[in-house]
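Notes follow the structure.
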Amino acid sequence: MSAATGTALFLSDENLGNLVAEIIAAGRRLVAPARDPQAAVGGSADYRYISSAAELAFGDSLPRMSLKGFFLPQSEVLFKWHRKGADVEIEAVPTEFPPQIVLGARPCDTAALEIVDQVMDWGLRDELWFGRRNATTIFNLSCPVEDASCFCHAVDLNPDATRAADGMLTPVPGGYLVESCTEKGAALVEGHKALFESGDTGAAAERSAAAAQYRAAARAKVAADLQIDTTRIKEWVGDHFDDEFWTALGPRCNGCAACASVCPTCHCFDIVDEPEGVGHGARRRNWDTCQTGVFTLHASGHNPRADQNSRFRQRVNHKFFIYPSRFGEVLCTGCGRCSRVCPEGQDLAEVLACIDELARA
Amino acid sequence: MKELRDLTRKLLADGDAGVVIGWEEGRRGARPAFITTPDDADKLIFDARCVHNLANYLNPRKPQVKALGKPAVVVKGCDAKAVAGLLREAQLTRDRVILIGVRCGGVVQTPEMPAELTEATVATRCYGCDVREPKLVDHLVGDARPEPPVTAALDRRIAELDALSPRERWQFWTSQLAKCTRCHACRQACPLCHCERCITDKTQPQWIESSSHLRGNFAWHLTRAQHLAGRCVGCGECERACPVGIPLSLINRKLQLVVKDLFDYTVTDDPEVPAPIGAYAVDDKQEFIE
Amino acid sequence: MAATDTPMKPDGFHPRITAFVCNWCTYTGADLAGTSRLQMASNVRIIRLPCTGRIDHMFIVKAFERGADGVIVSGCHPADCHYTAGNYHARRRFGVFRELMDFMGIDPQRVTFSWVSASEGAKWKDVVNETVARVAELGPFDAYHELAGDTVTGGEPAPGPFEAASGAETPDPLEELEVGR
Amino acid sequence: MARIGVFVCHCGENIARTVDCARVVEELKSHPGVVHSEDYKYMCSDPGQALVRKAIEENDLTGVVVCACSPHMHEKTFRGAAAKAGLNPFLCEMANIREHCSWIHEDRGEATDKAIDIGRTIIEKVKHNVPLETIRIPVTKRALVIGGGIAGIQAALDIADGGAEVVLVEKESSIGGHMSQLSETFPTLDCSQCILTPRMVEVLQHPRIKLHSYSELESLEGYIGNFKATIRKKARSVDEDLCNGCGDCQAACPSRKIPSEFDAGIGKRSAIYVPFPQAVPNIPVLDRVNCTRFKAKRKGIEKDVCGKCQEACLKGAIDYEQEDSFVTEDVGAVVVATGFQLYSIGRDQPAGLKGYGEYGYGDVPDVIDGMQFERLASASGPTGGEILRPSDGKPPKTVVFVQCVGSRDPEKGIPYCSKICCMYTAKHTMLYKHKVHDGKAIVFYMDIRAGGKGYDEFTRRAIEDDGAQYVRGRVSRIYRDGDVVKVWGFDTLSGEQVVVDADMVVLATAMRPQPGIAELAQKLSISYDEHGFINEAHPKLRPVETNTAGVFIAGACQAPRDIPESVAMASATAAKVLGLFSADELEREPTVALVNEQTCIGCFSCEQVCPYGAIEHVDVCDVEGHVCGVVARVNPGVCQGCGTCVAVCPSKSVELQGFTDEQIYAEINALGSW
């Protein structure tokens, strides 16, 4: 997953603004890291639908939530029903979506989409997920690496990965180096080619060097944090379901599930029927998470995961044993959001380091 | 600190407590610690970064904590109010817990912040705190600390919201609640949300839609606030836990002010004082009733 | 009278009012209004409960969700509760809930709380007519009814997690305010 | 799947006039779950009920919705019909399209739309109704009667004669009530005491009646069949067991100028006294307010003053140190018979009433009220039955009687008719004429309301045989002018102003409930109207019951009543009480709360708000039998079904049968289809 293929072009800061304006003027929806003007917790940007370049916040820290909500909305209608006498009429939702563009996605968020693609196409193809996937063109922002909770390199990614992306922007003085790596990405550049400076100019080499330096610095920063072997971890987790390790970790967790909310790869959903009157209503799917007690509560009242120890174990199990066992790769891109958001200081990187050490011993 | 660690060692060594729940140093600042052997007592810390309300771990529906044995919990003044709430609501009996009170001079907003209290970093809940030294305790440790810098930011924001028209408030709250993903971290983080089955998880009938559209979110947040009216201790853990940054403390604090105004009630760490909802006075205010 | 008896805005808006009333006082008072043939607006649908003590704030929320433009909660006067104290408990809860609604931007004028005794058929009529007139003035409560905002038309994707349903076009009322720590 | 039957009643024209019943039938027929829908002119009639029964049997209905009148009117009727057809009665509900629809709207379209909505709402509710079984609770076959006037006496005797025990509580020192003060009674003019006192003695001697005189109800706990009454026995200063009623104390008492309440203030009594010679029990009470000894104590004089009664009592029954004492009585039913007071027309008035200062009552000694006239006319009264006016003791030659003083006057705060005044005024004119043969009786009246057996004949006799002069009109002013009382009135028939120089004026003042009735009603959890009269459960069909099961009402505490009516009501309550006591177990509606012990967390918010103490604590055990928690449980015998526990339960782990969250949700949901 190294740097993008294709020719590197230069997009000045000014032209980034123009690109945004042109995309919006063309009536396409544009997602980018932007500030929430009303955020209670200051600082961080979120991926938002934006309406002008002024909202862009590329320089901000990692968006608080991952990109997944634009593909698996936190709540979406699957269909509506209307009962007419003895008949029930089903109003389907469209699975074709108008094109949308994401600018400035973090590589860990974009890569997560392709990882989740596997389960979304497992036996039954999730039309809503893939409808949105196909309609979306994503340009990553080469990541400066947030803080010590980042560990993408430990799960076979890196800050400048372009997995699942259609292109990438790398910050260089005065603008961004732009590389497209898919036809969709190339088409986007082509559609606005007047805004991009070609790579033949004299400044190109300087910019390439700056970009390379930027990327190398980021890689070095993230590599300093966590050194683990996910294969070793997978084996240990698979073999140590009843290990005391889990009971030592669980008590701190209060089951708030904020980790699952912000996680780019957590994709569980619950399906509910919500009546809106007599004989009509909507079937919706909503984000759900294994961190809550009701997730596994049986109708009988029995709960196979009766305490938070087993729920936290499940989270690690699913990401580092179950998913790789079935799909060949871990369900984690090392974004570190779960550690940052945890109100009780639970730290996945630390947990993985502990497991790795146990596994090595 | 030494006092706390020595006490912890003693409680564990004498078998009085199975676990001492306090704070330790984590990679991202202070975090809850579960000390089960005397040898680990030195892990414990207490400073202004110890924002967590550890009363949450006394919720009887946390079997993983129960399994560690009789708990001794380090409580600040605001945490003691939550313990009083659990006692009041029969979720705990006094003989089942050891309370180690710490004298507190305010905490910062998040455990990752530096421990220095400034007007910019002090948690909003510390404004007007009336229990710097908890009374509902078995042991009291630490020295008295100076009053933290004053910040009435929360009350000021409430006053600003109150000054708006209902339509403007509606716009504010719809934009806030639109973010809610219904992860219910606010509930899990709340020491007084202790139901076995939360009302939002009840499906027959489904009073509160579990979908995170605004309709479900309004029903949830109205209900969460209403259920906490007169019970909320203002520890702010809900807001801190919220992954999308909804300013829940505004709502909780507003209702604290309402309850004070209507029933002259302020939440207390005295478990014998009944909560205002569930009690009544014949001459309660009723100007709003035609 | 008839149709003109129903308070209505010039644009023909007939508010929908859901009333939650106690069995012993207000329901019986409404019965008395009937036996006294007191003509009143036809906009109110009554749901009978044994006591105001039984009335949960979620009834009000659900009524709004289901299209009500206004709500009436009514029961026995203080000291008259058939069950001694149900109305006192309700008074406390709704005293708080009313403030909560107001704070969250739900205009409290949409909810009438009243005491109507079994002998107050005429008062019930007044409560009905005044509530209907007041809510008619406020207009339909579409803001609440359309909260779910998921009309399945036009192929638009459901709003993303950070796309405020109403935030886009409306000016931000708190722009000037310091919201955030 | 629900199979609901809908039955739309025309109620003759009452519903059909404004509601298009055919359209209601059609619309509801297509509502999901409805398999049968029809209308009929009188659904509550026998053929109407037969339609319901037939439909249940033929269509195998799982629920019945009767769109008709208020459930308060006919819920029992239709639930009974459903039960006869084998359907659990609690699967039948009423949609009120009469009181709440057809009677209050005139626009046919609007009323029909609303009726359909009301029907839908109840249909949706019924889909979530579940069969409920009647609750059986034990009954204590003992009744508490509050008030020892004629109504209370009659109720007590009838119940006791029926075989049940009775506890009779009277706040005065003697039973007898107002009737014992009357001279003669209409329309027969027989002596009141002659017919009453034997009944009083019968009470005292009845083996199954326990009398607590000079006592009041302190509190009442429990529920139908199982009340616990706490009775305050007020300090009488006389040991009831020792006293033999000899009267020596009364004779020895030096304070003899105290206005006698029994004589309506016209006669005097001593500080220790029995109110009248035929008192039951014949045990005196010491009036501590007026007793010299107690007055001195209150003034701070430490030395014991007086003590003459104690000296006089050979039985040593006088006990100055006596204090209020309390007894508790287990009873299964309560009869309230607290009677009335006369509207006091003096200057001091309770809130909401204005008084009649312009009539000079309290200022002009010869302006008296009806009860005072009774005492003047009574052979046992202060004048020995001679009619003598209070100012100078002369027989008055012209007496003006004014009716409707306070009654039927919304301006003064009492809009209702006191009902008995027309009759007793006529009686007064006759008593007067029989004693002062050359006297002139002039009556100012608004209407003469003499409905009742022999009543109209009675008033005619007063006018035609005894020459009472009836002037139709109101009196504007009464004042003293030298030796006479000037009465300014207006004759609306002749259109002339009338001024009468009267020797005495008798005001027929309104009947009001007894003071303290509101407090008593609150103790009993029963309701009262704006005037303080106790509300009956239904004005026509349940006139002696209240909305609190097991509490009944008799006499003038419910509304102005004369003696025959009071007695009839009293006997009716006795029939109700004896009916209640006829079985060892009582059947109760199962609309009570029920805890889901699986989700209950034992926070006991429910216990805090339960007005009946119906919440119990129950241990829950794990599979090995170890106690692992405590949850709430509702005692179905104690629960009255208010549902306050449901509203305060944070996790909704308690349900109120008949008004479950599912049912209410369904009703609100149904309104989403407007």
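The values are calculated or read from the model by the stated rules, or taken from the named source; none is laboratory data. What you see is a predicted model, and the numbers here were worked out from it, not measured in a lab. For neighbour counting, all protein chains shown are included, and Cβ atoms are generated from backbone atoms with ideal geometry for every residue, glycine included. Calculation scope for accessible area: heavy atoms of the full protein, side chains included, ligands and nucleic acids excluded. Shrake-Rupley method; radii C 1.70, N 1.55, O 1.52, S 1.80 Å.
Are any residues in segment C:27-56 under 16 Å from the mean Cα position of the chain (by Cα) and more than 8 Å from chain D (Cβ to nearest Cβ), and if so, which ones?
C:A41, C:N43, C:V44, C:T52
Could you check how many residues of segment A:244-272 are facing chain B (nearest Cβ under 10 Å) and free of Cβ contacts under 8 Å to residues at least 40 places away in the same chain?
Matching residues across segment A:244-272 total 4.
Being under 19 Å from D:E216 (Cβ atoms), more than 21 Å from the chain's Cα centre (by Cα) and among the small types (G, A, S) is the filter here, so list the residues in segment D:318-364 that pass it.
D:S325
Name the pairs whose Cβ atoms lie under 8 Å apart, with the first residue in segment A:318-332 and in contact (Cβ under 8 Å) with a residue 12 or more places away in the chain, the second among the small types (G, A, S), and 6 or more positions between them or separate chains?
A:F321/A:G238; A:S325/A:G238
Which ones in segment B:211-260 are over 22 Å from B:W170 (Cβ atoms), within 14 Å of chain A (Cβ to nearest Cβ) and not acidic (D, E)?
Answer for segment B:211-260, where residues must be over 22 Å from B:W170 (Cβ atoms), within 14 Å of chain A (Cβ to nearest Cβ) and not acidic (D, E): B:C235, B:G236, B:R240, B:A241, B:P243.
Looking only at segment D:263-315, count how many residues are open to solvent by 20 Å² or more (accessible area, probe 1.4 Å) and of a type in the set (F, W, Y).
The total comes to 2.
Output the strands (runs of 3 or more DSSP E) that fall wholly within segment D:269-387 and possess 3 or more residues being in contact with a helix residue (DSSP H, G or I) (Cβ under 8 Å, 6 or more places away or on another chain), or say none.
Once the strands (runs of 3 or more DSSP E) in segment D:269-387 are filtered for at least 3 residues that are in contact with a helix residue (DSSP H, G or I) (Cβ under 8 Å, 6 or more places away or on another chain), what remains is D:333-336.
Could you list all residues from segment A:241-256 that are surrounded by fewer than 17 Cβ atoms within 10 Å (Cβ to Cβ) and more than 17 Å from B:Y57 (Cα to Cα)?
Listed by number, the residues that qualify are A:F241, A:D242, A:D243, A:E244.
Please state which one of B:A90, B:A67 is at pLDDT below 95 and within 12 Å of chain A (Cβ to nearest Cβ).
So the residue among B:A90, B:A67 that is at pLDDT below 95 and within 12 Å of chain A (Cβ to nearest Cβ) is B:A67.
Looking at segment A:302-326, which of its residues are more than 18 Å from the chain's Cα centre (by Cα) and assigned to a helix (DSSP H, G or I)? Full working, then the answer.
Taking segment A:302-326 as the starting set, the residues that turn out to be more than 18 Å from the chain's Cα centre (by Cα) are A:302-314, A:317, A:321-322, A:325-326.
Passing the criteria: A:Q308, A:N309, A:S310, A:R311, A:F312, A:R313, A:Q314, A:N317, A:F321, A:I322, A:S325, A:R326.
May I ask you to list the residues in segment C:68-79 that are within 9 Å of chain D (Cβ to nearest Cβ) and either surrounded by fewer than 24 Cβ atoms within 10 Å (Cβ to Cβ) or out of contact with any strand residue (DSSP E or B) (no Cβ under 8 Å at 6 or more places or on another chain) (or both)?
Passing the criteria: only C:A79.
If a residue has to be open to solvent by less than 10 Å² (accessible area, probe 1.4 Å) and at the interface with chain B (Cβ under 7 Å from one of its Cβ atoms) to count, how many in segment C:92-104 make the cut?
6
Within the bounds of segment C:119-127, is there any residue that is at pLDDT below 95, open to solvent by 10 Å² or more (accessible area, probe 1.4 Å) and in a loop (DSSP other than H, G, I, E, B)?
Yes: segment C:119-127 contains one or more residues that are at pLDDT below 95, open to solvent by 10 Å² or more (accessible area, probe 1.4 Å) and in a loop (DSSP other than H, G, I, E, B).
Select from segment B:186-205 the residues that are open to solvent by 10 Å² or more (accessible area, probe 1.4 Å) and at the interface with another protein chain (Cβ under 7 Å from one of its Cβ atoms) and write down the one among them that is farthest from A:N254 (Cα to Cα).
B:Q204
I want to confirm something. Restricting to segment C:80-91 and keeping residues that are at the interface with chain D (Cβ under 7 Å from one of its Cβ atoms) and in a helix (DSSP H, G or I), which single residue is farthest from C:C25 (Cα to Cα)?
In this case the residue turns out to be C:H89.
If you scan segment B:110-124, which residues turn out to be surrounded by fewer than 20 Cβ atoms within 10 Å (Cβ to Cβ) and either closer than 13 Å to A:P343 by Cβ or at pLDDT 95 or above (or both)?
Correct list: B:T110, B:E112.
Within segment A:285-301, is there a residue that is surrounded by fewer than 20 Cβ atoms within 10 Å (Cβ to Cβ), within 9 Å of another protein chain (Cβ to nearest Cβ), on the phi < 0 side of the Ramachandran plot and in a loop (DSSP other than H, G, I, E, B)?
The answer is yes; a qualifying residue exists.
Which residues, taken from segment B:150-183, are outside any helix (DSSP H, G or I) and at the interface with another protein chain (Cβ under 7 Å from one of its Cβ atoms)? Spell out how you get there, then give the answer.
Restricting attention to segment B:150-183, the residues satisfying the condition of being outside any helix (DSSP H, G or I) are B:150-152, B:163-165, B:178-183.
Answer for segment B:150-183, where residues must be outside any helix (DSSP H, G or I) and at the interface with another protein chain (Cβ under 7 Å from one of its Cβ atoms): B:L164, B:A178, B:K179, B:T181, B:R182, B:C183.
Please report, ordered by residue number, the strands (runs of 3 or more DSSP E) entirely within segment D:555-674 with at least 3 residues that are touching an Asp or Glu at 6+ places or on another chain (Cβ under 9 Å) and either within 14 Å of chain A (Cβ to nearest Cβ) or touching a residue at least 24 places away in the same chain (Cβ under 8 Å) (or both).
D:593-595, D:627-634
Looking at this structure, is A:G85 of a type in the set (G, A, S), farther than 30 Å from D:P32 by Cβ and either within 11 Å of another protein chain (Cβ to nearest Cβ) or open to solvent by less than 30 Å² (accessible area, probe 1.4 Å) (or both)?
no
From A:R313, A:R305, grab the single residue that is free of Cβ contacts under 8 Å to residues at least 24 places away in the same chain and in contact with a Phe, Trp or Tyr (Cβ under 8 Å, 6 or more places away or on another chain).
A:R305
In segment A:267-284, which residue that is of a type in the set (A, V, I, L, M, F, W, C) and open to solvent by 30 Å² or more (accessible area, probe 1.4 Å) is farthest from the chain's Cα centre (by Cα)?
A:I271
State whether the residues of segment D:8-16 include one that is in the same structural domain as D:I116 (by TED's automatic domain parsing) and more than 28 Å from C:G29 (Cα to Cα).
Here is the first cut: in segment D:8-16, the ones in the same structural domain as D:I116 (by TED's automatic domain parsing) are D:8-16.
If we keep only those that are more than 28 Å from C:G29 (Cα to Cα) as well, we get none.
Within segment D:8-16, not a single residue is in the same structural domain as D:I116 (by TED's automatic domain parsing) and more than 28 Å from C:G29 (Cα to Cα).
With respect to A:G123, determine if the residue is free of Cβ contacts under 8 Å to residues at least 60 places away in the same chain and in a loop (DSSP other than H, G, I, E, B). Steps first, answer last, please.
Numbers: free of Cβ contacts under 8 Å to residues at least 60 places away in the same chain: yes; in a loop (DSSP other than H, G, I, E, B): yes.
Yes, satisfied.
Tell me, please, whether a residue that is part of a helix (DSSP H, G or I) and open to solvent by less than 30 Å² (accessible area, probe 1.4 Å) can be found in segment B:264-271.
no
Can you name every residue in segment B:190-206 that is over 16 Å from A:T289 (Cα atoms) and part of a helix (DSSP H, G or I)?
B:I199
Is one or more of the residues making up segment A:106-127 of a type in the set (S, T, N, Q), touching a Ser or Thr at 6+ places or on another chain (Cβ under 6 Å) and either at pLDDT below 95 or open to solvent by 10 Å² or more (accessible area, probe 1.4 Å) (or both)?
For segment A:106-127, residues of a type in the set (S, T, N, Q), touching a Ser or Thr at 6+ places or on another chain (Cβ under 6 Å) and either at pLDDT below 95 or open to solvent by 10 Å² or more (accessible area, probe 1.4 Å) (or both): absent.
Out of the residues in segment B:272-290 that are β-branched (V, I, T) and part of a loop (DSSP other than H, G, I, E, B), state the one that is farthest from C:D126 (Cα to Cα).
First, the residues of segment B:272-290 that are β-branched (V, I, T): B:273, B:277, B:282, B:289.
Filter once more, keeping what is part of a loop (DSSP other than H, G, I, E, B): B:273, B:282.
Numbers: B:V273: 41, B:V282: 26 Å.
Within segment B:272-290, the match that is farthest from C:D126 (Cα to Cα) is B:V273.
Which count do you get for residues in segment A:218-252 that are among the aliphatic types (A, V, I, L, M), farther than 18 Å from A:L331 by Cβ and in a loop (DSSP other than H, G, I, E, B)?
Total meeting the criteria: 1.
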